[in-house]
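The values are calculated or read from the model by the stated rules, or taken from the named source; none is laboratory data. Just so we're clear, the structure is a prediction, and the values are computed from it rather than from any experiment. Here the Cβ is made from the backbone with ideal geometry for all residues, glycine too, and neighbour counts use every protein chain on show. SASA here: full protein model, heavy atoms, side chains in, ligands and nucleic acids out. Shrake-Rupley method; radii C 1.70, N 1.55, O 1.52, S 1.80 Å.
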Amino acid sequence: MLATGAHAEPGAAEHAGVEAFLAGYFERWSAADIEAYGETFHPAAVVYHVDDAGRARRQDLRDFLRGQRRAHQRSPGMAEVPLAMDIEEQRPGFVRALVHWELRQGQRRERGYDHFFLLRGEEGWRILSLVFHGE
């Protein structure tokens, strides 16, 4: 991706740090470690799901995490695997990331996208906003 205007691709170290953070996000979710997964979110995080009809539904972070815990309880063995990542620095310590993922559970496969805005603070990278949808 070409850098334009105020937006630029992060340096190699920054890019690697964001990739590692996002890999940890997917690993925690796949391990059904919702407590650790929840720690990847900023306390002020906003989460939206866009359904197949294009309707957006905003979820409070606490409700979102509760729903993720229930989903893992109802459907054990789920794993989300990142297929591709596009990371763009918006300004130092603030990046946009688009992740194409695949949900795997036995023979079941679903694909979708997570759109992240990440903010780096004293504790490292945290998700400030997440918008997710299927393909």
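Computed 3J(HN,Hα) for segment 65-80, one whole-Hz value per residue from the Karplus formula 6.51 cos²θ - 1.76 cosθ + 1.60 where θ = phi - 60°, is 5, 4, x, 5, 4, 5, 4, 5, 5, 6, 10, x, x, 6, 9, 10, glycine and proline marked x. The A71 and A13 beta-carbon pair, evaluated with R₀ = 35 Å, returns a calculated FRET efficiency of approximately 0.50.
Ligands, DNA and RNA are left out, and with a 1.4 angstrom probe the accessible area of the chain is 58 Å² per residue.
Measuring nothing but how far apart in sequence close Cα pairs (under 8 Å, 6+ apart) lie, relative to its length, the chain scores a relative contact order of 25 percent. Projected over all directions and averaged, the alpha-carbon convex hull of the chain occupies 8.7 nm².
Residues of segment 17-37 falling in the label zone of R91, defined by backbone nitrogen less than 20 Å from a point 7 Å along Cα to beta-carbon, are 18. Going toward the positive end of the dipole of the chain, with +1 on Lys and Arg Cβ and -1 on Asp and Glu Cβ, which of A36, L65, G112 do you reach last? So the residue furthest toward the plus end is L65. For L119 and A31, the difference between the fully extended length at 0.36 nm per residue and the C-alpha to C-alpha distance is 29.3 nm. The fraction of accessible area contributed by carbon and sulfur in segment 35-135 is 48 percent, rounded to a whole number (1.4 Å probe; ligands and nucleic acids excluded). Note on D63 and H100: their simple-model spin labels are 3.2 nm apart, each label 7 Å out from Cα toward Cβ.
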